[in-house]
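No lab work stands behind these numbers, since they all come straight from the coordinates. The structure displayed is predicted, hence computed values, not measured ones. Ideal geometry is used to build each Cβ from the backbone, glycine not excepted, and the neighbour counts take in all protein chains shown.
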């Protein structure tokens with residue numbers, strides 16, 4: 001089925017290609033020809049309100065924010081938009097803060113027991129872990145079950161006590177959960193920006 005094939009691509013993009021994409025996108029910070037941030041936002045600090053309009057435009061969302069999940073039965077066009085949108089969510093911009101690896105590793109340690117306690121699956125002891133992608137540009141909360149649109153916020157903000165503004169100021173762009181059925185990406189640039197897809201874990 002075309003939809004299921006595309007969802008396999010979605011999962012591969014999230015799990016297998018994220019590190020290379022993020023690493024490649026970090027290089028424009030040293031490129032003199034990189035486009036500067038618009039003058040209306042250039043003076044805003046990296047920790048400014050994450051709900052403010054982003055300084056770089058995002059591609060069209062595949063689904064509205066009020067219903068953030070792209071499912072297997074949706075048209076191929078919607079699923080392709082999801083691939084593009086997820087890539088844009090985690091791609092560094094020239095005005096993003098550099099990744100603070102020590103901060104990311106410390107948060108990884110804090111999130112480990114938190115995510116384990118939130119995991120509702122029978123195999124949580126075996127499958128549950130927290131991983132850093134591209135040194136922490138993306139933080140993956142890998143679960144056996146329990147990943148939903150609100151999971152990244154519950155884990156990082158409510159349980160670990162780290163605001164999205166603080167995450168962004170340390171270079172973390174996305175908090176992502178993934179279980180046996182679903183992945184959800186939460187942007188730190190925009191607290192209202194969450195995108196979920198039907199994407200079973202492959203590791």
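At a glance:
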quantity	calculated
Relative contact order of the stretch 55-165, pairs being alpha-carbon contacts under 8 Å that are 6 or more residues apart, as %	20 percent
Relative exposure of 144, 187, 84, judged by other C-beta atoms within 10 Å (fewest first)	84, 144, 187
Distance histogram for the stretch 118-184 (every C-alpha pair counted, 10 angstrom bins, percent rounded to whole numbers)	23, 54, 22, 2
Cα gyration tensor shape of the stretch 49-203, rounded if a/c is under 1.5, else prolate or oblate by comparing a/b with b/c	oblate
Fewest-first ranking of 114, 175, using other Cβ atoms within 10 Å as the exposure measure	114, 175
Length gained when the stretch residue 131-residue 163 is fully extended (0.36 nm per residue, less Cα-Cα span)	9.6 nm
Pairwise label distance in nanometres, residue 80 with residue 117, each label 7 Å out on the Cα-Cβ vector	4.5 nm
Sequence of 137, 124 once ranked by neighbouring C-beta atoms within 10 Å, starting from the fewest	124, 137
